[in-house]
Amino acid sequence: MISLAGRDILHSWGKYAFTGLGLGLLIGVTLSMAGIYRGMVDDGKALLANSGADLWVVQRDTLGPYAEPSSLRDDVYRGLLGLPGVARAANVTYLTMQARQGERDVRVMVVGIQPGEPGEPRYLIAGRQIERTHYEAVADASTGFQLGARVRIRRHDYTVVGLTRRMVSASGDPMVFIPLRDAQEAQFLKDNDAIVNERARVLANPALNRPGIPGLAETLSRSQETSRMVNAVLVQIAPGWAADEVAETIRRWKRLQAYTVPQMEEILIAKLIATSARQIAVFLMILAVVSAAIVSFIIYTMTLGKLREIAVLKLIGARNRTIAGMILQEALGLGLIGFLVGKTVATLWAPYFPKYVLLEPGDAARGFVAVMVICALASTLAIRTALRVDPATAIGG
Amino acid sequence: MSAALPNQATTTPAIEVSGLRKRYGAGDTAVDALKGVDLTVQPGEVIGLIGPSGSGKSTLLKCLGAVTEPTAGRIALSGETVYDGGWRNLDPRALRRDRIGFVFQAPYLIPFLDVTDNVALPLLLAGRSNRGARQRARELLAALDVEHRAQAAVAQLSGGEQQRVAIARALANQPPIILADEPTAPLDSERALAVVRILNRMAQQYQTAIIVVTHDEKIIPTFKRLYHIRDGRTYEEAGEGREFG
């Protein structure tokens with residue numbers, strides 16, 4: 001038996017191609033939305049993996065450093081180094097802000113690191129790691145910064161000495177790594193007017209500016225102008241130790257919060273991007289319903305245009321399943337064209353998204369099955385209409 | 001009611017209809033479209049079925065074509081009773097597919113199939129192989145002088161060619177009977193007569209009985225036998241059987 005659906009599609013391929021193109025763009029948007037979600041999850045995992053840490057030690061009762069603010073004294077890491085099972089520990093700071101290169105502003109996450117310690121970017125695609133204690137930076141390539149570029153962060157200019165990739169915050173902002181001291185200053189340093197104002201307040205306060213204790217006011221003012229705080233301490237576990245065990249020790253003895261990699265993944269994926277994920281899920285459902293409605297309408301309209309032929313087919317003895325099969329195959333054919341177009345356009349336009357879009361083969365396979373199921377369901381209305389066609393309508397009278 | 005004419009062939013009729021009735025609706029609103037139709041057509045014979053609008057022509061055609069179930073009566077095809085108050089355990093769809101051919105006022109070819117596949121379609125629906133069906137289609141197209149258009153799309157054919165392809169399709173399964181519903185209506189005199197000539201030739205060649213429902217004054221004189229249908233009843237008369245052209 002010849003394929004009636006195949007012949008019909010070939011006969012009016014232009015109509016099918018354009019319809020499939022339109023449907024494909026819709027499917028492309030759907031796949032891209034799934035890709036955006038996967039990209040967010042992958043960004044989170046990359047953020048954790050690239051930090052090189054086994055444990056994140058943060059302020060107690062917080063979900064820091066990514067999901068909530070966290071502040072620790074910058075000497076906490078020394079105490080951690082003395083605990084059994086801790087091989088390395090290093091301070092880090094995180095601050096999302098605008099970095100300026102020339103006339104261009106880029107939203108970045110500035111990460112303060114100790115060179116050579118956990119938290120340093122693990123892979124460079126160009127240049128070198130930070131070697132000086134001040135005013136050098138390693139930037140994620142997606143910032144658009146070039147090697148040797150001068151980037152202004154707060155009041156200082158930094159020279160980009162290295163480029164890395166896939167180092168972005170949970171919200172997709174590219175990272176710029178600078179020395180810890182500079183980062184602390186950038187994060188906590190007040191502006192000049194505020195410092196002058198604070199000095200005046202201290203001097204005007206008789207409790208702080210005591211004639212009997214010379215130098216007290218100046219010492220107080222200086223202490224307020226610098227910061228000894230960091231957001232987290234990244235810990236690497238010694239070989240043979242379990243992360244959970246060391247984390248429990250830190251919680252118990254240091255009165256700090258310590259998260260393992262799975263716990264941090266849970267925080268990033270289930271908490272930090274949960275709302276975005278739900279938003280995308282709702283949008284995907286809406287797109288699925290819209291796609292189903294469009295396919296249903298298209299197939300129904302195409303079937304209405306063939307009622308006379310369907311009546312003739314029934315009159316000359318075509319079985320109901322032959323006619324239903326023709327309509328179903330056309331719907332599935334449309335879905336196939338739409339999926340191929342959608343997958344192609346989603347792949348082509350993915351690099352142009354400002355955030356990472358991860359198109360997983362598994363999602364594509366699931367999307368293909370969903371498209372086919374939607375098309376099959378969408379064809380039922382047209383099939384029902386076709387099967388109700390009276391073959392007598394092919395005969396006059 | 002019909003009356004048998006002298007010299008009518010004595011072979012088994014291709015179609016034999018007796019006391020066929022069709023009632024639409026029920027109760028006070030019931031309409032008797034057919035009130036006891038009798039009709040006999042021999043193999044290889046082409047008869048005309050004429051009558052005014054609303055006389056029951058289309059209803060009779062639908063009943064004979066197993067599209068509409070009659071209310072009462074008997075229909076026999078090639079001596080086998082297929083309807084006798086019911087379809088005798090026969091599937092009307094299979095009956096249409098295997099034993100009845102249809103030619104319509106407009107050709108109603110399937111536009112997305114080429115000429116050969118249009119003719120082969122009834123055979124394919126009946127389960128014949130692609131190769132066998134196409135071979136048979138080509139034979140029929142040759143018999144109808146449209147073999148040169150075998151690979152053409154339907155839209156590329158003239159009206160006359162399309163009607164010939166439609167006749168070939170009707171003949172594909174070698175049905176004992178073809179029902180032609182005003183097959184010459186959209187054609188001019190020359191082409192209309194050409195179609196009737198083809199129908200006669202095919203009826204002779206394949207020993208198929210053909211019932212032509214028509215209003216067309218141009219072709220009515222060409223039938224040797226005519227059935228008039230009025231108020232749901234048939235009246236048989238001898239036609240002029242005028243030679244073509």
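Points worth noting:
- Qualifying helices (runs of 4 or more DSSP H) (wholly inside segment A:290-397; at least 1 residues being away from chain B (no Cβ under 14 Å) and more than 30 Å from B:Leu60 (Cβ to Cβ)): A:320-349, A:361-387
- Applying the condition of being in contact with an Asp or Glu (Cβ under 9 Å, 6 or more places away or on another chain) and not in a loop (DSSP other than H, G, I, E, B) to segment B:82-96 and asking which residue is nearest to A:Ala318 (Cα to Cα) yields B:Pro92.
Each row is one residue, and each column tells you yes or no for (1) within 22 Å of B:Val82 (Cβ to Cβ); (2) within 13 Å of the chain's Cα centre (by Cα); (3) in a helix (DSSP H, G or I).
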site: B:Gly160; (1), (2), (3): no, no, yes
site: B:Ile167; (1), (2), (3): no, yes, yes
site: B:Leu179; (1), (2), (3): yes, yes, no
site: B:Leu187; (1), (2), (3): no, no, no
site: B:Arg191; (1), (2), (3): no, no, yes
site: B:Val196; (1), (2), (3): no, yes, yes
site: B:Ile211; (1), (2), (3): yes, yes, no
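- Screening the candidates A:Ile310, A:Ile299 for the property of being under 30 Å from B:Val119 (Cβ atoms), buried (at least 20 other Cβ atoms within 10 Å of the Cβ) and modelled with pLDDT under 90 yields one hit, A:Ile299.
- Scanning segment B:186-217 for residues that are under 14 Å from B:Gly159 (Cβ atoms) and among the polar types (S, T, N, Q) gives a single hit, B:Ser189.
- Matching entry among A:Arg104, A:Arg60 (being more than 14 Å from chain B (Cβ to nearest Cβ), closer than 20 Å to A:Met264 by Cα and of a type in the set (Lys, Arg)): A:Arg60
- Scanning segment B:73-108 for residues that are of a type in the set (A, V, I, L, M, F, W, C) and out of contact with any strand residue (DSSP E or B) (no Cβ under 9 Å at 6 or more places or on another chain) yields B:Trp87, B:Ala94, B:Ala106.
- Each residue in segment A:205-229 was checked for being under 20 Å from A:Gly64 (Cβ atoms) and touching a helix residue (DSSP H, G or I) at 6+ places or on another chain (Cβ under 7 Å), and 2 of them qualify.
- Number of residues in segment B:193-213 that are crowded, with 22+ Cβ neighbours inside 10 Å and either away from chain A (no Cβ under 14 Å) or at pLDDT below 90 (or both): the value is 8.
- For A:Asp54, the stated conditions hold: it is charged (D, E, K, R), surrounded by 20 or more Cβ atoms within 10 Å (Cβ to Cβ) and not assigned by TED's automatic domain parsing to the domain that holds A:Ala288.
- Filtering segment B:145-158 to residues that are at negative phi and either within 10 Å of chain A (Cβ to nearest Cβ) or not in a helix (DSSP H, G or I) (or both) leaves B:Val146, B:Ala150, B:Gln151, B:Ala152, B:Ala153, B:Val154, B:Ala155, B:Leu157, B:Ser158.
- Selection status of A:Ala141, of a type in the set (Gly, Ala, Ser) and either touching a Cys at 6+ places or on another chain (Cβ under 9 Å) or touching a residue at least 40 places away in the same chain (Cβ under 8 Å) (or both): no
- One residue stands out in segment B:107-144 among those that are assigned to a helix (DSSP H, G or I) and acidic (Asp, Glu): the one that is farthest from the other protein chains (Cβ to nearest Cβ), namely B:Glu139.
- Enumerated helices (runs of 4 or more DSSP H) restricted to segment A:163-236, each holding at least 1 residues that are in contact with a strand residue (DSSP E or B) (Cβ under 9 Å, 6 or more places away or on another chain) and either more than 25 Å from A:Thr62 (Cα to Cα) or at pLDDT 85 or above (or both): A:180-188
- Filtering segment A:172-199 to residues that are closer than 27 Å to A:Tyr77 by Cα, under 25 Å from the mean Cα position of the chain (by Cα) and small (Gly, Ala, Ser) leaves only A:Ala183.
- Among the residues of segment B:51-81, the one identified as part of a loop (DSSP other than H, G, I, E, B), among the hydroxyl-bearing types (Ser, Thr, Tyr) and without any contact (Cβ under 8 Å) to a residue 40 or more places away in the chain is B:Ser53.
- Yes/no for B:Phe104 being more than 18 Å from A:His11 (Cβ to Cβ), aromatic (Phe, Trp, Tyr) and at the interface with chain A (Cβ under 8 Å from one of its Cβ atoms): yes
- So A:Gln129, is it of a type outside the set (Phe, Trp, Tyr), touching a Gly at 6+ places or on another chain (Cβ under 8 Å), over 22 Å from A:Arg228 (Cβ atoms) and not assigned by TED's automatic domain parsing to the domain that holds A:Leu358: yes
- Test set (1) free of Cβ contacts under 8 Å to residues at least 24 places away in the same chain; (2) charged (D, E, K, R); (3) buried (at least 22 other Cβ atoms within 10 Å of the Cβ) - B:Arg169 fails condition number: (1)
- Filtering B:Asp188, B:Asp181 for residues that are surrounded by 21 or more Cβ atoms within 10 Å (Cβ to Cβ) and acidic (Asp, Glu) leaves a single hit, B:Asp181.
- The residues of segment B:214-233 that are part of a strand (DSSP E or B) and either surrounded by 16 or more Cβ atoms within 10 Å (Cβ to Cβ) or touching a Leu at 6+ places or on another chain (Cβ under 6 Å) (or both), listed by number, are B:Arg225, B:Leu226, B:Tyr227, B:His228, B:Ile229, B:Arg233.
- Counted residues, segment A:1-24 - those being more than 8 Å from chain B (Cβ to nearest Cβ) and not basic (Lys, Arg): 15
The values are calculated or read from the model by the stated rules, or taken from the named source; none is laboratory data. Only a predicted model underlies this, so the values are computations on that prediction, with no experimental measurement involved. We place every Cβ from the backbone using ideal geometry, glycine too, and count neighbours over all the protein chains shown.
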